[in-house]
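Shown next, in structure tokens, is the structure this report addresses.
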Amino acid sequence: MRTDARRHHDPQVRGFASDNYAGAHPEVLAAIALANGGHQVAYGEDDYTGHLQRVMHSHFGPTAEAFPVFNGTGANVVALQALTDRWGAVICAESAHINVDEGGAPERMGGLKLLTVPTPDGKLTPELIDRQAYGWDDEHRAMPQVVSITQNTELGTVYTPEEIRAICGHAHERGMKVHLDGARIANAAASLDVPMRTFTNTVGVDVLSFGGTKNGALFGEAVVVLNPDAVRAMKHLRKLSMQLASKMRFVSVQLEALLAKDLWLRNARHANAMAQRLAEGVRAIDGVEILYPVQANAVFARLPHAVSERLQKRFRFYFWDETAGDVRWMCAFDTREDDVDAFLQALKEEMVR
């Protein structure tokens, strides 16, 4: 029985729930089509993955090596496994994605321990790291071996290069390595208006989880090894962790499309600008409080719970802390000014009901 493909959604509907809700950028889709047809060697020996290495070198230097994977959780698990021993632990912010949004995968699948630290704004500091950086010779405690930071953070804040340099220096002095979860690294670079290397390998980050999906890719991320001496057996860990794509060219060509020119930056700058437009409008509405500095493409706010529930019937978004009435509004590369303006108008209407 023949069934025809058909559209199951209204492509004019955009919300503020997640940048993962957005589709793929047209230039990325065109790149996938370009890579299609004919045969290419499987499992990363294709021309597109080879060229991706050269593109990564242009952003992160000649020693950088990219290992494309399927998704962000896979990138983080593979990266952290490569940096730790079986008895190792990872220090991270309590709000970090690896702690609260990955279903326990780093611990259950990666076989490592997360040592979390409460932070006021999602960012670690050397002083906060030291709350968990101890007990290396205590066989009763998981050994701190890695500091993992997120750029930009789960709370939408952005580390400066100087802040990351201080973290890397502090961690390295204590014999630990540094992992950066860069699911939204493009948004951070756009916010800081600096190249990505400025707050990664230049300041001492050892391994990076590079995000593509939230920046316009259909799917696919990469583990980027910045310090080859920091890791072991990356290609074996990627396979063991079920993150080795057979038709890898279709992951690599998406990252190439984003990074070869400036698509990654255009997408990130636009998403950030839409978040700023949203924040400016929210600040003018009585009874709505913005919780954290709006430095990338996220706006966190507190408003009456009933208002949020009514507003959710008109636009998709999530509670961040439902008890406190905190919500998160995300902007994406395809968010439009009229989307923001319509949302602000709806928010104003619900606030006075």
> Looking at region 1-91, which GluC sites (Glu not before Pro) are in a loop (DSSP not H, G, I, E or B) and have at most 13 other Cβ atoms within 10 Å?
Replying inline: GLU45
> About its Cα centre, how strong a charge dipole does the chain have in debye, to the nearest 20, once Lys and Arg get +1 and Asp and Glu get -1 at the Cβ?
Replying inline: 860 debye
> Given springs between every Cα pair under 10 Å in a Gaussian network model of the chain, which of ALA133, ALA279, ALA35 has the largest fluctuation?
Replying inline: ALA35
>> At 1.4 Å probe radius, can you tell me the per residue accessible area of region 144-252 in Å²?
In response: 33 Å²
> For the chain, with the dipole built from +1 on Lys and Arg beta-carbon atoms and -1 on Asp and Glu ones, taken about the Cα centre, which of VAL340, LEU259, MET274 lies farthest toward the positive end?
Replying inline: LEU259
> Roughly speaking, what is the stretch gain from ALA17 to ARG86, that is 0.36 nm per residue apart minus the C-alpha to C-alpha distance, in nm to one decimal?
Replying inline: 21.2 nm
> Taking the chain as a Gaussian network, Cα atoms linked when under 10 Å apart, which of ALA142, ALA324, ALA64 shows the biggest mean-square fluctuation?
Replying inline: ALA324
> Which whole-number value in Å³ per residue fits the convex hull of the alpha carbons of region 167-257?
Replying inline: 106 Å³
>> Using the Cα atoms of region 250-353, I'd like the radius of gyration and the largest Cα-Cα distance, Dmax, both in angstrom.
In response: 15.5, 50
> Long-range amide H contacts for GLY220: which residues qualify at under 5 Å (H placed 1.01 Å from N, peptide plane, sequence gap of 5 or more or a different chain)?
Replying inline: THR213
>> Tell me the relative contact order for the chain as a rounded percent, counting alpha carbon contacts under 8 Å between residues six or more apart.
In response: 23 percent
> Would you list ASP181, ASP85, ASP10 from the most to the least accessible area, probe 1.4 Å?
Replying inline: ASP10, ASP85, ASP181
>> With the crude spin-label approximation of a point 7 Å out along Cα→Cβ, what separation in nm comes out for ARG6 versus HIS172?
In response: 6.0 nm
>> List the residues, sorted by chain then number, that are 5 or more residues from LEU114 or on another chain and whose placed amide H is less than 5 Å from its amide H.
In response: VAL90
>> How are the alpha carbon pair distances in the chain distributed across 10 Å bins from zero to the largest one, expressed in percent?
In response: 5, 24, 32, 24, 12, 2, 0
> In the chain, what percent of the accessible surface is made up of carbon and sulfur (1.4 Å probe, ligands and nucleic acids excluded)?
Replying inline: 50 percent
>> Testing the spin-label approximation: label points 7 Å from Cα along Cα→Cβ at GLU349 and LYS247. State their distance in nm.
In response: 4.4 nm
> Any idea what diffusion coefficient region 32-122 gets from Stokes-Einstein, in µm²/s, Kirkwood Rh on alpha carbon pairs, 25 °C, 0.890 mPa s?
Replying inline: 157 µm²/s
> What does the accessible area per residue of region 1-131 come to in Å², with a 1.4 Å probe and no ligands, DNA or RNA counted?
Replying inline: 54 Å²
>> Just to make sure I understand: if all protein chains stay in place, what is the order of LYS123, LYS177 by accessible area at 1.4 Å, largest first?
In response: LYS177, LYS123
> Can you tell me the accessible area per residue over region 284-353, all protein chains present, probe 1.4 angstrom, in square angstrom?
Replying inline: 49 Å²
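The values are calculated or read from the model by the stated rules, or taken from the named source; none is laboratory data. Worth saying up front: this structure is predicted, and the values here are computed from it rather than measured. Here Cβ is always computed from backbone atoms with ideal geometry, including for glycine, and neighbour counts include all displayed protein chains. Only protein heavy atoms, including side chains, enter the accessible area calculation; ligands, DNA and RNA are left aside. Shrake-Rupley method; radii C 1.70, N 1.55, O 1.52, S 1.80 Å.
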